[in-house]
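First up is the structure itself, then whatever we jot down about it.
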Amino acid sequence: MDYDEVLAFLRVAAMNTTQSGTQHETQNNTEQHGYFTLSGDVNSDMVRRVFNAVADITEDKLTAAHILIQSNGGYVSDGICLYNFLSKLPFDIITYNAGAVASIAVTLFLSGRHRHASDTARFMVHKSHATASPGSRPDALSIIVEGLRADDMRTERILRGQVNLTDEQWQVHAYSDLHLTADQALEVGMIEAIRDFAPPRGKRLTNI
């Protein structure tokens, strides 16, 4: 084997080693990803389920959790709790919307470090609302109003920190339900890509 043949042999061997290492690294990275579905009302039961799931994720030493969310909302404080909890975890949370994420569930969705939605998915955000009991006294109504305002301040602070709505969209949000398609969500930064939730073949799928 002459000099040129030796060099060619070494180049091929080095290329094969690099490709093998890359494939091994990719496989390891994929193995450290978990895939989950989360649906239903945002409430104390969902908070408990998420806490338990994250405990398992930590024990399994996963580096990323892909979570498909399907929810029309629920309680503001529970949604904010989940946002603050999930967004500060020491591993990546990737959230997906494959159908509908609405009301306080949008705040939960925004906890994802990376966020995606199917092209047929939709989002809806609105101000807080409550129904007063018939015959409520003015002081009781005042307490309800102050509570709603406090909830709106908390959720809007998170929304403004994560999403760049247009002035027109903010005006709609101020007085009505604001609906966003996947394309519109991409434009305002609610998602970073239009992408389906698609766990790899053979990966375990866990319902939280």
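The values are calculated or read from the model by the stated rules, or taken from the named source; none is laboratory data. Please read all numbers here as calculations on a predicted model, not as lab measurements. Here the Cβ is made from the backbone with ideal geometry for all residues, glycine too, and neighbour counts use every protein chain on show. Only protein heavy atoms, including side chains, enter the accessible area calculation; ligands, DNA and RNA are left aside. Shrake-Rupley method; radii C 1.70, N 1.55, O 1.52, S 1.80 Å.
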Would you mention how many residues in the stretch 187-201 are surrounded by 15 or more Cβ atoms within 10 Å (Cβ to Cβ) and under 14 Å from residue 106 (Cα atoms)?
-> 3
Which number in (1) touching a Leu at 6+ places or on another chain (Cβ under 7 Å); (2) under 14 Å from residue 95 (Cβ atoms) marks the one condition that residue 192 misses?
-> (1)
If you scan the stretch 76-94, which residues turn out to be in a strand (DSSP E or B) and of a type in the set (D, E, K, R)?
-> 92
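Conditions (1) touching a strand residue (DSSP E or B) at 6+ places or on another chain (Cβ under 6 Å); (2) open to solvent by 20 Å² or more (accessible area, probe 1.4 Å), marked per residue:
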position: 82; (1), (2): no, no
position: 85; (1), (2): no, yes
position: 101; (1), (2): yes, no
position: 104; (1), (2): yes, no
Taking the condition at pLDDT 95 or above, within 30 Å of residue 119 (Cα to Cα) and open to solvent by 70 Å² or more (accessible area, probe 1.4 Å), does residue 92 pass?
-> no
May I ask you to list the residues in the stretch 179-208 that are without any contact (Cβ under 8 Å) to a residue 40 or more places away in the chain and touching a Gly at 6+ places or on another chain (Cβ under 9 Å)?
-> none
Give the residues of the stretch 163-178 that are within 20 Å of residue 112 (Cβ to Cβ) and either open to solvent by 60 Å² or more (accessible area, probe 1.4 Å) or without any contact (Cβ under 8 Å) to a residue 40 or more places away in the chain (or both), sorted by residue number.
-> 164, 165
Can we say residue 52 is of a type in the set (S, T, N, Q), at pLDDT 95 or above and open to solvent by 60 Å² or more (accessible area, probe 1.4 Å)?
-> yes
